Amino acid sequence: MEVEPVMTDETSGLSRSVEDYLKAVYSLCQSGEAASNSDIAEALDVQPASVTGMIKRLAESGYLEHVPYRGVELTETGKRAALRVIRRHRILETYLTRHLGYRWEDVHSEAERLEHAASDELIDRMAAALEHPSHDPHGAPIPTSSGEIEITDSWTLADLAPGESAHVRAVRDDDSAGLRAAENAGLLPGTRVRVRARRRSPPGLLVEVEGSGSVALEISMEVAGRVFMTTDPAGAGP
């Protein structure tokens with residue numbers, strides 16, 4: 001069986017597959033938990049056996065470290081490499097949206113293809129042309145060129161109880177249908193949302209969205225789980 005090398009890409013020194021693994025582990029560890037092999041396999045849509053081999057090579061190369069009985073986490077070297085890829089991706093999304101007219105539900109897949117080929121110099125020039133944005137079109141923070149990133153909460157609209165309100169921080173960008181549903185409901189970054197009630201069957205929320213007057217909207221739990229929130233400045237959030 002052919003073993004994929006860790007280092008191949010001229011722009012970053014890492015293969016496309018390795019960059020995808022590091023980005024996936026970074027995302028999975030955002031909640032504070034280690035990433036299991038099964039979670040990584042699901043995130044990347046690959047076979048668990050493939051994950052085992054790649055994890056071993058990445059650990060040997062100093063990008064990952066094993067957490068006994070829990071999974072793996074990024075080392076500082078791995079985190080820097082992951083943030084470099086994430087910066088490329090989010091700058092590309094922002095540039096494609098602002099300057100090339102891409103809709104926010106279409107830009108993710110295009111950025112996924114381009115992020116592995118774009119050089120850091122090109123990304124820095126795009127960032128300068130954009131006047132160094134702090135967040136991408138979906139509200140996610142953009143890492144700086146030095147590898148710093150804003151610390152964010154990981155709770156979602158689905159976590160709010162009736163009577164609680166908060167502001168939309170970001171919407172997950174990896175599903176076009178989910179982004180369209182969020183946009184149609186007015187769940188855009190910066191928008192204030194108040195939960196009126198929770199619905200058991202089918203699971204969902206009845207919410208008031210800023211700008212829609214007193215009209216209550218029904219939001220599925222699937223969509224609510226993709227909308228990240230930040231505490232309401234008025235203190236009404238969790």
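A short reminder: the numbers here are calculations on the coordinates, not readings from a lab. In this text, all values refer to a predicted model and were calculated from it rather than measured experimentally. Quick reminder, even Gly has a Cβ in these numbers, built from the backbone with ideal geometry, and neighbours come from all protein chains shown.
Okay, here's what the table says:
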item	result
Rounded to whole Å, sorted largest first: equivalent-ellipsoid semi-axes of the stretch 16-74, Cα gyration tensor	14, 13, 11
Per-residue HN-Hα couplings for the stretch 154-168 [Karplus 6.51, -1.76, 1.60; θ = phi - 60°; Hz; x = Gly/Pro]	10, 7, 10, 4, 5, 7, 6, 9, x, x, 8, 9, 6, 9, 5
Overall form of the stretch 157-231 per C-alpha gyration tensor (a/c, 1.5; a/b vs b/c)	rounded
Within-14-Å neighbourhood charge of A177 [Cβ basis; K, R +1; D, E -1]	-3
Dimensionless Rg/Rh of the stretch 38-150 - Kirkwood Rh, Rg from C-alpha atoms	1.03
The chain, helix-only ellipticity at 222 nm - DSSP H runs n ≥ 4, -39,500 (n - 2.57), divided by all residues, nearest 500	-11500 deg cm²/dmol
Residues K56, K23, sorted so that the one with the fewest Cβ neighbours within 10 Å comes first	K56, K23
Global size of the stretch 171-214 as Cα Rg and Dmax, reported in angstrom	11.4, 31
Separation in nanometres of the label points that stand 7 Å from Cα toward Cβ, at R198 and R113	4.2
Ascending count of other beta-carbon atoms within 10 Å, so fewest first, for S17, S214, S134	S214, S134, S17
Segment N184-D120, length gained on full extension (0.36 nm per residue, minus Cα span)	19.6 nm
Relative contact order for the chain, counting Cα pairs under 8 Å that sit 6 or more residues apart, in percent	15
C-alpha center-to-center spacing [the stretch 102-139, the stretch 10-72] in angstrom	23
Cβ-based exposure ranking for R88, R194, in which fewest neighbours within 10 Å come first	R194, R88
Added length on full extension, which subtracts the Cα-Cα distance from 0.36 nm per residue, E150 to L100	15.4 nm
Of the chymotrypsin sites (Phe, Trp or Tyr not before Pro) in the stretch 30-128, those whose Cβ has at most 16 other Cβ within 10 Å and which sit in DSSP loop	Y69
